[in-house]
Each structure stands twice: as structure tokens, then as C-alpha cells.
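Worksheet: the structure to be examined is printed underneath.
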Amino acid sequence: MTDSRKQVVLMKGIGVSSGIVIGQVYVLERGKIEPAQFCYLDASETESEIERFKNAMRASRDQLMRIKQRMEKDGKGKEHIRIIDAHLMILKDNMLINDTVKVIREQKVNAEWALKTVLNDLMEYFEKMEDQYLKERAMDIEHLVNRVLLNLMGRKHESVSSIQEPSVVVAHDLAPSDTAQMTKGTVLGFLTDVGGKTSHTAIMARSLEIPAVVGLESITRKAEGGDTVIVDGTTGTVILNPSESVIEVYKRRRERYENYGKALFHYKDLPSETTDGRRVRLMGNMEIVEEIDGLIEHGAEGIGLYRTEFLYLNRKDLPTEDEHVKAYRQVAKKMAPHPVVIRTLDIGGDKFLSHMAAPKEINPAMGLRAIRFCLKNIDIFKTQLRGILRASAHGDIKVMFPMISGIEELRRARQILEECKRELKGEGKAFNPDIEVGVMIEVPSAAMIADLIVKEVKFISIGTNDLLQYSLAIDRVNEHVAYLYEPFHPAVLRIIKSVAEAANKASVSVSVCGEMAGEPEYALILLGFGVDQLSMNAYSILRVKRLIRSISHAEARKICKSILGFATAKEVEGFINSKLPGLYKEEFWS
Ligand code: PEP
Ligand code: MG
């Protein structure tokens, strides 16, 4: 029930995950901890400031104890509980307490500033250490200090998994590790101040079919816990405190949307084939094992992209080789007889390992990400490759390297793969010696040498999310430049055309696994340019199949030829929209 005394607020953001939900707001403190404000104290104020600091330490301890009890009650693993114990230990650490008290007393500054000063000194000290274990402890200290800081500032710190009631989550920002913890029944939808359409947080929302709008800029200032909110993840519209009549309108829209989704199941068992008989394999993208059933339900013919980095998130240690084997074997068995493309660890950018201090890079998207990280951390890489190889004995598994920017990186990665094969052979462990190797084309330099790359691999997959990020110079998680995300940009069209042509010429399979693949208007041109496989989230599979079954390959090729003559994305869009009615138009908005 909406409180009629509250003001109705209409906001427009970036709709990143379709669907309509109407629910109650739950404000989650997930934003960056604001820098502690510096404040001088009178000599008479220092003792009460010390008391305030100690109270915040006590409040943090009480919160941690409650979390620990809840975890024990819910039967959470020992690993999770150990993290809480580690934080509780740090709370008792005399150095942290005494040093902070000393800074407050001697420098006469506020507790937030004093604590931050002590933390910075500690971090500097830890950063110089080589020992991985100690580096991990540094992360624990930072997390704990952030909790105390939030308590000092009177703010809450919660994890997504602690939400109990079905709610629409409102947060300044959410990390992919947060979205990975969401469950559909509890998180009805989410809204954030920041973010872009191809951020991994948005991608996860689509995979989990949780309606979401990002880039709202000020939703955390406008929404309050308990407010009624309408989220339209398709159009990016958000209405806070709507009237009953508006709620009714959206309930009808939601019904039409859901009916349309159900009607699409008509296509589930029909082949993904154009009217003139060209087959386009539609596969699923997945991050966590729980997504497979949804993909199978929507008729995915295999996994075209398994983002394995999610195996590494939300934990304090690295997955073991056996854990890799178990996860990949499970996916391969479930998807059999279809293939599963396992992409090796793509950490960095907007995804960080929780157990390792993220390297402080000015441009993480262009830093030590993906294959670059793996080639620098060979042990981590080999553990995963051995896991993939061993799982390949149990199903049709292929391996794919992300963010390749040149042939040398590819050759080095292959060398390490061969090394793993030799080791496994020596140990008498089973694997597929002919496992197919492919690369993602997502860096412009790789796109430009696609003709050379296809000579060395069995398949390529175009990662349009990063390819657009790097070729149009738009940070994919930055809402301020989201308007420049234009898959119809003539530069993007030319790049895709030339990559697909290089693959076709060499008779190497070419797929697209970026978000473009899952939107019918883009799928149309990917088909026309000669892409033979598309990989996407469950929600998109039947929509794209409907499009493919409604057009001939010859017509799609003709459309592609025409759009190459346009100078702007808007012109291309106008042309495509003029062709679409009758092909796939989604009528539920009318
Ligand atoms: C891409 O870049 O298009 C892609 C599929 O990889 P990710 O979104 O995980 O970076
Ligand atoms: Mg990518």
C-alpha cells in the first residue's frame, strides 16, 4: 500500500534487465565508504571521542556475533564462519585500538580520521609484504575497519544475503559478487545510482531474470526503506510512491509482459533456423551453476560462455583443482550432448577476487585483467586448466581464452595448456587430448588480426561488451558515458563484419557472446554478417529464435549490406526499425 502523503517521484535510468516488479524498497549500504572527514577537537572533547570510537567497536562486535549466529543456524560452511572469526579477532587487536586512541588523543582529531590514518599506515606496511597469507589478512583488516567506520558514521553495513523479506534493493552500487548472492524470490529487483548496461552486475541481473535499472544517479537519496516502488527494467522507468491507479496500469503491463514470455515457449523445440535453412546455434551464457536449468528450459543448445570467474568470488581462498573439475563436469553432464565453452578466469576490470587485494591500478579495465592476470599468475592458471582438462573427459568441453590482444599471448596460453596435458598424462589422469581451443575477440588489436588468429584456433567468439568498450572508448560501468554504447555504430559494424569474414574464410566457427547477441535487432545483423552461433542469457533465447525463424539469411545479408552505407548509429537504427515490424516486434507495450 502506497503512503499517499509521500511524493511521487518518476526517474529514468538505464534498464538493464527486463520485466516489471512492484515492491517495497530495501536500501542497502554498499557504496564506497566516503572518505572520513577531518575534524579538529578541543582538548576537552578527546575523551568522549575515544568513548565514541569504543562504542563503534562494540557495535561492530555485536553485529559480527549476530551474523555468526545466523550463519551457524543456517548451516553456512566453516569457511564463511572463519571469516567472521578473523574479523572478531582483529576487533580485539590492541595495536588497532591503542594506535587509534593515541592518534585521537595526541593529534586531537575525530575518531573516523584517526582510524583511517591507522588503517593507511597498516596497509602501507602490508603492501610491502610478499606473503600471500599476510596480504589476505590486510583485506580482512580493511573490511573490518570499514564496518567500524560505518558504525561511527551511523550507517549500516549488510550483505545482500542478509535480506529476508522480498524487496526491491536500492544501492549506490553493487558488485558482481553481490548480484551473485541474490535469490530471485527475495530480491524482486534492484536499482543503483551508478552502472552501465554491460557491467557484470547488469549481466548477472539478466541471467537471474531480476528486473533492474542502473545509472539512476540519485536513487539512494530519493528512496527510503519501505517506500513502494515500480521498476520497469525494460524501459528503465522507476516510480517511487506511485498512486493506486498507476500501480494498476503497471500490473496490467506486467501481465502482458509475462503472457508474451509464456507465448514464446512455442518456439522452444523448433529449430533455430532462417526461412532459407541457415542454422544458427543459440547457446547460453552462464556465471553460476544455478543458471543452467533456466537455460535448458529455454532451449539453449549448449553453453557458449561460462564466466568461470564467479567460481572465485565471494570466498576467501582459491578454488582447488578438484572444485574446478566438479563444477565443469556438472555443467557438461547437464548440457550433454551439447558443448560447453569454458572461458578461463577473467578477473580484473569490474570483477575482483575477494580473497586477494586488488592491485591498485588507475585503469583496471586496461590493466592486469583476464589472460594477462593468468599469464602472470601461472599457478592459478594451471590449476584451472588442469581442472578443465580433467572435466573434458566427461563431456564436450572446449576452452576459451579471454582478452587476447596478440598472437604471443595466445601461444603462451596454449603452451601452458600443453604443459598441463603432459603433467596429467604423467599422472595417469584422463582428459581429452584434442580439446578445442578458442579465443575471445574483444580487444580491437585482436579484431584487426582475426585473420591470423583463426589460423591458430578452432573457434572464436566476439565479446562485444568489451569490444565496444575498447573500440568506442566507453567505460562499460560508467553511467555518464552509457549513451555512447551504440552497437549500431558504423565502426562496430565494420569490425564485426571483418572478424566474421576472416573466420568464415578460414572455415572457423564464429560466435558472439556479448550482450548484443541477445537482442533481436542486433542478432539480425550478426546473422547477416555471417556469425554462426549466438550465446546469451536464458530470457533472450526464445526472442532471438523467433527473429531468426522469421527472416531469410539472404534478406539479413541484404540488410547488412545496406547499413554499411550509413554514417551514424541513429541512421542504422532507423533503417533496422523500418525493417523489423512483422519480423519480431514485441507487442506487450501497446
Ligand atoms: C564480452 O566482453 O563481450 C564478454 C562476453 O565478456 P565479459 O562480458 O565477461 O567481459
Ligand atoms: Mg569481455
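The values are calculated or read from the model by the stated rules, or taken from the named source; none is laboratory data. Keep in mind that what you see is a predicted model, and the values were worked out from it rather than measured. Please note: Cβ atoms are built from the backbone with ideal geometry, for glycine as well, and neighbour counts cover all protein chains shown. Just the protein is used for accessible areas: all its heavy atoms, side chains included, with ligands, DNA and RNA removed. Shrake-Rupley method; radii C 1.70, N 1.55, O 1.52, S 1.80 Å.
Give the residue that is most open to solvent (accessible area, probe 1.4 Å), with candidates limited to residues of region 393-408 that are without any contact (Cβ under 8 Å) to a residue 60 or more places away in the chain and away from ligand 1 (no atom under 16 Å from the Cβ).
Only one residue fits best here, namely GLU408.
Criterion first (closer than 23 Å to GLU323 by Cβ, open to solvent by 30 Å² or more (accessible area, probe 1.4 Å) and either in contact with an Asp or Glu (Cβ under 6 Å, 6 or more places away or on another chain) or of a type outside the set (A, V, I, L, M) (or both)) does GLY387 satisfy it?
So GLY387 does not fit the description; no.
Given ILE163, ILE230, ILE210, ILE219, which one is modelled with pLDDT under 85 and away from ligand 2 (no atom under 16 Å from the Cβ)?
When all the criteria are applied, what remains is ILE163.
Out of all the residues in region 324-333, is one or more surrounded by 22 or more Cβ atoms within 10 Å (Cβ to Cβ), of a type in the set (A, V, I, L, M) and more than 19 Å from THR383 (Cα to Cα)?
There is no residue in region 324-333 that is surrounded by 22 or more Cβ atoms within 10 Å (Cβ to Cβ), of a type in the set (A, V, I, L, M) and more than 19 Å from THR383 (Cα to Cα).
Before we move on, is THR275 at pLDDT 90 or above and under 28 Å from ASP475 (Cα atoms)?
No.
So in region 534-581, with the set limited to residues that are β-branched (Val, Ile, Thr) and touching a residue at least 60 places away in the same chain (Cβ under 8 Å), which one is most open to solvent (accessible area, probe 1.4 Å)?
That would be THR568.
Cβ-Cβ under 8 Å, sequence separation 6+ or interchain: first residue in region 345-357 and more than 10 Å from ligand 1 (Cβ to nearest atom) and aromatic (Phe, Trp, Tyr), partner in a loop (DSSP other than H, G, I, E, B) and modelled with pLDDT under 80. Which pairs?
Final answer for the pair search is PHE352/ALA175; PHE352/ALA358.
Only helices (runs of 4 or more DSSP H) wholly contained in region 417-479 count here; list those with 3 or more residues that are within 12 Å of ligand 1 (Cβ to nearest atom).
Passing ranges, in order: 464-471.
Since PHE401 meets every condition but one in (1) farther than 19 Å from VAL340 by Cβ; (2) within 16 Å of ligand 2 (Cβ to nearest atom); (3) within 22 Å of the chain's Cα centre (by Cα), which condition does it not meet?
Evaluating PHE401 over (1) farther than 19 Å from VAL340 by Cβ; (2) within 16 Å of ligand 2 (Cβ to nearest atom); (3) within 22 Å of the chain's Cα centre (by Cα) leaves (1) as the failure.
Yes or no: ASP140 away from ligand 1 (no atom under 16 Å from the Cβ) and in contact with a His (Cβ under 8 Å, 6 or more places away or on another chain)? First the steps, then the outcome.
On the way: away from ligand 1 (no atom under 16 Å from the Cβ): yes; in contact with a His (Cβ under 8 Å, 6 or more places away or on another chain): yes.
Taking the combined requirement at face value, the residue satisfies it.
Does region 482-498 contain any residue that is within 16 Å of ligand 1 (Cβ to nearest atom), at pLDDT below 95 and either at positive phi or of a type in the set (Ser, Thr, Tyr) (or both)?
Yes.
Restricting the search to region 504-519, which residues are away from ligand 1 (no atom under 16 Å from the Cβ) and either aromatic (Phe, Trp, Tyr) or in a helix (DSSP H, G or I) (or both)?
Those that are away from ligand 1 (no atom under 16 Å from the Cβ) and either aromatic (Phe, Trp, Tyr) or in a helix (DSSP H, G or I) (or both): ASN504, LYS505.
Of a type in the set (Gly, Ala, Ser), buried (at least 19 other Cβ atoms within 10 Å of the Cβ) and assigned by TED's automatic domain parsing to the domain that holds LYS351, is that true of ALA482?
yes
Considering region 250-270 alone, what residues qualify as being open to solvent by 50 Å² or more (accessible area, probe 1.4 Å) and either hydrophobic (A, V, I, L, M, F, W, C) or free of Cβ contacts under 8 Å to residues at least 24 places away in the same chain (or both)?
Selection gives ARG252, GLU255, GLU258, LYS262, ALA263, PHE265, HIS266, LEU270.
Could you tell me whether region 350-357 includes any residue that is farther than 24 Å from PHE459 by Cβ, open to solvent by 60 Å² or more (accessible area, probe 1.4 Å) and modelled with pLDDT under 95?
Yes, region 350-357 contains at least one residue that is farther than 24 Å from PHE459 by Cβ, open to solvent by 60 Å² or more (accessible area, probe 1.4 Å) and modelled with pLDDT under 95.
If you go through region 413-424 one residue at a time, do you hit one that is within 16 Å of ligand 2 (Cβ to nearest atom) and touching a residue at least 12 places away in the same chain (Cβ under 8 Å)?
Initial filter on region 413-424 (within 16 Å of ligand 2 (Cβ to nearest atom)): 413.
If we keep only those that are touching a residue at least 12 places away in the same chain (Cβ under 8 Å) as well, we get 413.
Yes, some residue in region 413-424 is within 16 Å of ligand 2 (Cβ to nearest atom) and touching a residue at least 12 places away in the same chain (Cβ under 8 Å).
Quick check on my filter: what residues within region 147-160 are within 23 Å of MET57 (Cβ to Cβ) and either modelled with pLDDT under 80 or among the hydrophobic types (A, V, I, L, M, F, W, C) (or both)?
VAL148, LEU149, LEU150, LEU152, MET153, GLY154, ARG155, LYS156, HIS157, GLU158, SER159 - these are the residues of region 147-160 that are within 23 Å of MET57 (Cβ to Cβ) and either modelled with pLDDT under 80 or among the hydrophobic types (A, V, I, L, M, F, W, C) (or both).
Can you tell me which residue among GLU130, GLU142, GLU106, GLU165 is out of contact with any helix residue (DSSP H, G or I) (no Cβ under 8 Å at 6 or more places or on another chain) and part of a helix (DSSP H, G or I)?
GLU106
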